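Quick notes on the structure that follows.
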Amino acid sequence: LGLHSCGFWRPKSLLDAAGFTLSFSSRRRKTHQDSRALWKREAVQKYLETLSKEYQQVSRLLNADSINDLEQRTLRKRWTHLSPIAAAFQEIKEAEREVEELEAMCRDLDSRDEKQLLELALEEKETLDKKINMLCRKLFQLLVPKGKYDGSHVILEVTAGRTTGGDICQQFTKEMFEMYQNYADYKRWTFDIVNYTPAEIGGLHHAAAHISGDDVYRHLKYEGGTHRVQRIPETGLSSRMQRIHTGTMSVIVLPQPAEVEVKVDARDLRIDTFRAKGAGGQHVNKTDSAVRIVHLPTGLAVECQQERSQLLNREMALRTLRAKLYQQVIEKQLSQEQSARKLQLGTRAQSERIRTYNFTQDRVTDHRISYDARNIKEILGGKEALDKLINRLLEFAEMEAVTEYLENLQALEGGGC
């Protein structure tokens, strides 16, 4: 089972081993291609034709009697990987042929008597176009290797920034935290609050939550960074003068795999207890149930005050600490794997503004993909509107990944094949 002289047969796709990474940096392409536009590129068609032929070849080899058990296992694994790609490729080709036939028929349907038939043909063409777009997205999702931590649970932290002239940062931070809480409910995830430090005037200084469910990190990994708000304060002189204030808050998203193997020596920990703050009735300021743990070698500190039990708060704080220590391991791996482009994930480049929420213009702008969305209230509601924005980011990242992979592939094959 060797390599074909021009890379025709690859036991493992270069896409799985190219080592490229996704980015939304300033060096990104000037024009983003959606999945349909990317599908039409000659390099994409050539590559997919190669994979389709390889799938056929592997299918023939699997039916041969001359291969041993090891070769059969290797071929079966490759066949399993290629099968959905080849199927989606053929489905798109078949749908495009149907579109061509409809277009040819429409060109002949120009008399008034055939107007109704023409309308039906155009409706069917529109349906086929939507199907092709969906299949293209599915195909490129198959081509892009799943991120190592995409299926992980996460620790999500929000922290208010600083601003002059009011408490808009704290209020905005509270709205953002509630947005992610609503989004977790929308996605049927579990949202457990680990820490919650309210501001004096009804806002939020800092909060953290453990979010568990299917593909949580995949959906939230690009939420990390600095979020900017522009709004007119509800009270005070600026409110009467209709003066717009600008504030920021930051989001950190830490992947937390199911089994986090991080050794924490008890001698490296300083554990403090104190009285909880905020809501909680008689329990608040009555018992030292809140826990703060400091990891002395790194200086990392975490707090938990959500439970009435000091023991439960300690367990949750230790879980958060392990996630942060594990993140350092991830950071090291990512820095080793990243390409020339700058990786922009939720736990990196926190100083970079990723999104602006302009209340006066009722507009949310994601600066990484130059995408504007209207109706801030719907987005802050954390349901369908936010999911649409997040999926837009994911699609952009997938297209960037496929485009960069093809460039790497062309460079490799151009160097000698």
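The values are calculated or read from the model by the stated rules, or taken from the named source; none is laboratory data. All figures in this text were calculated on a predicted structure; none of them were measured in a lab. Note: ideal-geometry Cβ built from the backbone for every residue, glycine included; neighbour counts use all protein chains shown. Remember, those area values only see protein heavy atoms, side chains included, never the ligands or the DNA or RNA. Shrake-Rupley method; radii C 1.70, N 1.55, O 1.52, S 1.80 Å.
Give the accessible area for VAL229 in Å² (nearest 10); use a 1.4 Å probe, count only protein heavy atoms, and leave out ligands, DNA and RNA.
We get 0 Å² for VAL229.
Rounded to a whole number, what % of the accessible area of segment 118-245 do carbon and sulfur atoms account for, probe 1.4 Å?
So the carbon and sulfur contribution to the accessible surface is 47 percent.
Anything over 31 Å Cα to Cα? Flag those among LYS187/LYS324; LYS93/LYS383; LYS148/LYS263, in the order listed.
LYS93/LYS383
What percentage of all Cα-Cα pairs in segment 66-197 are separated by more than 20 Å? Don't skip to the end; give the middle numbers.
Working: 6221 of 8646 pairs.
When every Cα pair of segment 66-197 is considered, 72 percent fall beyond 20 Å.
If we count every other residue with Cβ under 10 angstrom of LEU62's Cβ, Lys/Arg +1 and Asp/Glu -1, where does the sum land? Can you show the working numbers first?
On the way: positive: ARG60, ARG76, ARG78; negative: GLU71.
Taking every Cβ under 10 Å from that of LEU62, the sum is +2.
Ranked highest first by the average count of other Cβ atoms within 10 Å around their residues, in what order do 186-198, 133-145 fall? Intermediate results must be reported in sequence, preceding the final value.
Details: 186-198: 16.8, 133-145: 18.6.
Going from most to least packed, we get 133-145, 186-198.
Please compute the net charge surrounding ASP366, taking Lys and Arg as +1 and Asp and Glu as -1 over other residues with Cβ under 10 Å from its Cβ.
Details: positive: ARG355, ARG368, ARG392; negative: ASP372.
Spelling it out: positives minus negatives among the neighbours equals +2.
With every protein chain left in place and a probe of 1.4 Å, what is the accessible surface of PHE177, to the nearest 10 Å²?
0
How would you classify segment 35-143 from its alpha-carbon gyration tensor, with a ≥ b ≥ c the square roots of the eigenvalues: rounded for a/c under 1.5, else prolate if a/b is greater than b/c, otherwise oblate?
prolate
Residue by residue through segment 93-104, what is 3J(HN,Hα) from phi via Karplus (6.51 cos²θ - 1.76 cosθ + 1.60, θ = phi - 60°)? Round to whole Hz and write x for glycine and proline.
4, 5, 5, 5, 5, 5, 5, 4, 5, 5, 5, 5
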